[in-house]
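One structure is given here, and the rest of the page talks about it.
Derivation of every value follows stated rules applied to the coordinates shown; laboratory data play no part. Computed from a prediction, not measured in an experiment: that's the story for all the values here. When we count neighbours, we look across all protein chains shown, and the Cβ atoms used for this are built from the backbone with ideal geometry, even at glycine.
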Ligand SMILES: Cc1cc2nc3c(=O)[nH]c(=O)nc-3n(C[C@H](O)[C@H](O)[C@H](O)COP(=O)(O)OP(=O)(O)OC[C@H]3O[C@@H](n4cnc5c(N)ncnc54)[C@H](O)[C@@H]3O)c2cc1C
């Protein structure tokens, strides 16, 4: 049974139920931090794969300060911690994560703008930002409508689509730095490259974006076209993590896997998508182990056939069962 949920940090509000608490030997988490705290929380509830064993402690901070407090606690007590957004680029192993998972989501999802400068909380889902900005007549991130992660995850991963990445519109990112300070980091201090920001060790709390005014009707029809393309070319509505492998130079990982005849290949509840071979989809209660076996099958076959070593794009995290 799932651990009871407890809201903390709201003065005057009675706690709903006592949580079970951290595993034996782990320090107690400070319950005065504003946010939602759960123990032994299945991470499959927080990933687009719907896969992942439990996190010993799962905390969704309701303020930047609460996120900073959670990280400070983990460091002080030497508890391993992991920051997640919407879990759309991760495969969490079946043993889960023994430590603290800090999910940057609701509570850190405010959005406002003045002229073309948009201030966005890291917890806001990227598709919501893409739609909202387009509806208000601002272009720049609308092309990321099909990236189902958080804004923080998009900054951390330098997410991009259809020739547009988040780095190209970013003015600065509000981050918790490795010394535990909340600072605004201008773009020139962030080492963005293809699908990377170099922000390892930082927690992205929000960002400022410079967006250009465009005709709302034109943006609207672009959104419709981009979503249609996604639906046609990828298993958009099935639980997955997007592209499993990076594209090798001058070719596509999906094409190589397809040419090995692996589309539709299954292990347990996981399947190499029949729509796009660089996607592995969860077709019914797949375990991380099932996905990892398929990853191995695809890698081995591509190496044998083409002598190319496929590199993972998805981040494999957590412990085996
Ligand atoms: C169907 C589908 C389609 C996709 N299409 C695309 C695409 O077109 N282009 C593209 O670039 N990606 C794509 N992706 C991958 C994914 O959506 C992006 O990488 C996204 O930016 C990840 O955001 P997230 O919030 O889900 O991050 P998560 O998966 O939760 O985390 C990914 C990494 O970022 C770190 N992280 C997350 N949030 C923070 C934060 N606030 N501070 C510090 N570190 C953080 C995590 O520790 C982890 O290392 C797709 C995924 C799916 C499922």
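Things worth noting here:
- Residue of 76, 65, 249 that the Gaussian network model of the chain assigns the largest fluctuation, springs spanning Cα pairs under 10 Å: 249
- For segment 110-177: rounded, prolate or oblate by the Cα gyration tensor [a/c cutoff 1.5]: rounded
- Most fluctuating residue given options 242, 264, 87, as computed from a GNM of the chain linking Cα atoms under 10 Å: 264
- Here the gap between residue 31 and residue 78, fully extended at 0.36 nm per residue and compared with their Cα-Cα distance, gives a gain of 15.1 nm.
- Where a label projected 7 Å from the Cα of residue 225 along Cα→Cβ would reach, residues of segment 113-141 with amide N under 18 Å: 131, 134-135, 137-141
- Cα shape, the chain, gyration tensor, a/c 1.5 rule: oblate
- Spin-label model distance (nm) - residue 171 vs residue 247, 7 Å beyond Cα toward Cβ: 3.2
- Per-residue [θ]222 nm for the chain (sum of -39500 (n - 2.57) over DSSP H runs n ≥ 4, rounded to 500): -7000 deg cm²/dmol
- Gain on full extension, evaluated as 0.36 nm per residue between residue 237 and residue 315 minus their Cα-Cα distance, stands at 26.0 nm.
- An oblate overall shape is assigned to segment 30-155, the ratio a/c of its alpha-carbon gyration tensor axes (a ≥ b ≥ c) being 1.5 or greater and a/b not exceeding b/c.
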